[in-house]
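So the structure is just underneath, and the comments pick up after that.
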Amino acid sequence: MEYTQLGRTGLKVSRLVLGTMNFGPQTGEPESHAIMDTALDAGINYFDTANVYGWGDNKGRTEEIIGTWFGQGGGRREKTVLATKVYGNMAAEGDPWPNYDRLSALNIRRAVDASLKRLNTDYIDVYQFHHVDRLTPFEEIWQAVEVLIQQGKILYAGSSNFPGWKIAQANEAAARSGRLGLVSEQCLYNLAERRAELEIIPAAEAYGLGVIPWSPLHGGLLGGAIRKSAESGRTATGRSADALANSSVRAQVQAYEDLLDKHGLEPGEVALAWLLTRPGVTGPIVGPRTPEQLASALRAVELELSQEVLDGLDEVFPGPGPAPEAFAW
C-alpha cells in the first residue's frame with residue numbers, strides 16, 4: 001500500500017479509503033468485519049463512515065459494526081485513521097423534533113458523543129461536515145469544533161459535498177480565529193463526472209485540503225457495466241441503468257470499455273487508478289460489498305496507466321477545463 005499526507009496535515013493515510021456505507025444495509029456484520037480485517041492487512045488505514053449510515057430505522061448501524069470490530073482488539077483502532085460525518089437527521093423516524101441535524105453547536109456536541117459511543121472509541125481522527133449548512137455561521141461551527149479538539153474527542157475537521165466557495169469561506173473563517181480549518185473534502189469525482197475540476201479541486205489545493213473522491217465507479221457505470229450485462233444476460237440496475245438508457249452516455253461507456261479491452265485492462269481498476277493520478281487527490285473511497293470487490297480495488301493501487309491510456313481516457317471523458325476559461329474567455 002502507498003501512503004500520502006492528508007492535505008497539508010502531518011497525518012499519513014493510505015491511497016485507498018475504505019468506505020463502509022454498505023456495512024449493515026447490504027453486508028452483514030461478520031462479512032463487514034472480514035472486509036475490514038482484509039483491508040487493514042493490505043495496509044488500508046483510512047476508514048470512512050457517517051452517523052446516518054444504516055439509513056432509516058437503522059441509522060447508526062454502520063458505526064456500531066465498526067465499533068464491534070474495534071472491540072475485538074489486536075490494534076485495530078490504533079492502526080486505523082477513522083473518519084465519520086455529521087449533518088444528517090438522527091432523530092427517530094417520523095420524529096420532527098428539532099436540533100438533531102445540521103451543524104449547530106448543539107447538534108455537533110450531541111452527534112459526536114453518540115458517534116463515539118457507537119464506534120466504541122474515545123476519539124475520531126477526522127470529523128466531517130456531511131453537507132453545507134446554510135443556516136449556521138462558520139464562526140459557530142468552528143467554536144464547536146475547537147471545544148471538541150480541546151476535549152480530545154476529534155483531531156481534524158473535514159467537509160463533504162462543499163462547493164469551492166464554501167471551502168474558501170470555511171477556511172477564511174477558521175484563519176481569522178487562528179484555527180486549522182478544513183483538512184479534507186469528499187466530493188463526487190470520477191471519469192464520468194469531472195465537474196469538481198472546475199472549482200472544488202482548485203479550492204482544495206489552494207487551501208491545502210486532501211481530496212477524497214466518492215463514487216469513483218459512478219454507481220458501477222465505470223466498472224464494466226455493458227460488458228457485465230452482456231456476460232450475465234441481466235440488464236444494469238440503479239444509476240447505471242438510468243445512465244445507459246441515454247444513447248450518448250451508452251456510446252461513451254462503450255468507447256471506454258473498448259479502449260480498455262484493447263489494452264487488456266479492467267474498467268473498475270482503471271477508474272480507480274485514474275483518480276490516483278489526479279492532482280490533489282489523496283485517495284478514492286472504495287465501498288466493497290464483498291471481499292472480491294476489495295481485492296479488485298487493491299490491484300488499482302499498483303496499476304500504472306500509460307500515457308496512451310490516459311490520453312484515450314481524456315478523449316472518451318473530456319474534463320470541463322479550468323475555471324474561468326471553461327465558461328468564459
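May I ask you to list the residues in the range 90-114 that are surrounded by 20 or more Cβ atoms within 10 Å (Cβ to Cβ) and not in a helix (DSSP H, G or I)?
Within the range 90-114, Arg102, Leu103 meet the criteria.
Scan the range 194-218 for residues that are within 13 Å of the chain's Cα centre (by Cα) and either of a type outside the set (Val, Ile, Thr) or open to solvent by 10 Å² or more (accessible area, probe 1.4 Å) (or both) and report the count.
Count: 7.
Are any residues in the range 228-257 under 19 Å from Ser296 (Cβ atoms) and at pLDDT 90 or above, and if so, which ones?
Result: Val253, Tyr256, Glu257.
Whether any residue in the range 26-40 is open to solvent by 20 Å² or more (accessible area, probe 1.4 Å), within 28 Å of Ala204 (Cβ to Cβ) and touching a residue at least 24 places away in the same chain (Cβ under 8 Å) is what I want to check.
So far as the range 26-40 goes, yes, one or more of its residues are open to solvent by 20 Å² or more (accessible area, probe 1.4 Å), within 28 Å of Ala204 (Cβ to Cβ) and touching a residue at least 24 places away in the same chain (Cβ under 8 Å).
Run Ile149 past the list (1) of a type in the set (A, V, I, L, M, F, W, C); (2) more than 17 Å from Leu209 (Cα to Cα); (3) open to solvent by 70 Å² or more (accessible area, probe 1.4 Å) and report the number of the one that doesn't hold.
For Ile149, the failing item is (3).
Can you tell me which condition Ala273 does not meet? The list is (1) without any contact (Cβ under 8 Å) to a residue 40 or more places away in the chain; (2) touching a helix residue (DSSP H, G or I) at 6+ places or on another chain (Cβ under 6 Å); (3) under 25 Å from Glu31 (Cα atoms), and all the others hold.
Of (1) without any contact (Cβ under 8 Å) to a residue 40 or more places away in the chain; (2) touching a helix residue (DSSP H, G or I) at 6+ places or on another chain (Cβ under 6 Å); (3) under 25 Å from Glu31 (Cα atoms), only one is false for Ala273: (3).
I need the full set of residues from the range 152-172 which are over 17 Å from Gly208 (Cβ atoms) and surrounded by fewer than 20 Cβ atoms within 10 Å (Cβ to Cβ), in order please.
Correct list: Gly152, Lys153, Asn161, Pro163.
May I ask you to list the residues in the range 160-180 that are in contact with a strand residue (DSSP E or B) (Cβ under 6 Å, 6 or more places away or on another chain) and of a type in the set (Gly, Ala, Ser)?
Ser160, Ala170 - these are the residues of the range 160-180 that are in contact with a strand residue (DSSP E or B) (Cβ under 6 Å, 6 or more places away or on another chain) and of a type in the set (Gly, Ala, Ser).
Quick check on Arg289: is it within 26 Å of Asp41 (Cβ to Cβ) and basic (Lys, Arg)?
Yes; evaluated as a whole, the condition is true for this residue.
Failed condition for Glu78, given (1) touching a strand residue (DSSP E or B) at 6+ places or on another chain (Cβ under 9 Å); (2) under 27 Å from Leu209 (Cα atoms); (3) open to solvent by 60 Å² or more (accessible area, probe 1.4 Å); (4) among the charged types (D, E, K, R), with all others met?
(1)
Tell me which residues, restricted to the range 245-285, are more than 20 Å from Glu231 (Cα to Cα) and in contact with an Asp or Glu (Cβ under 7 Å, 6 or more places away or on another chain).
Within the range 245-285, Pro279, Gly280, Ile285 meet the criteria.
Residue by residue through the range 124-136, note down the ones that are in contact (Cβ under 8 Å) with a residue 12 or more places away in the chain and open to solvent by 60 Å² or more (accessible area, probe 1.4 Å).
Across the range 124-136, the qualifying residues are His131, Leu135.
Is it the case that Tyr87 is more than 27 Å from Ser296 (Cα to Cα), open to solvent by 50 Å² or more (accessible area, probe 1.4 Å) and among the aromatic types (Phe, Trp, Tyr)?
Answer is no for this residue.
The values are calculated or read from the model by the stated rules, or taken from the named source; none is laboratory data. None of these values were measured; they are calculated from a predicted model. Backbone-built Cβ (ideal geometry, glycine too); neighbour counts: all protein chains shown. Areas reflect the complete protein model, heavy atoms only, side chains present, ligands, DNA and RNA absent. Shrake-Rupley method; radii C 1.70, N 1.55, O 1.52, S 1.80 Å.
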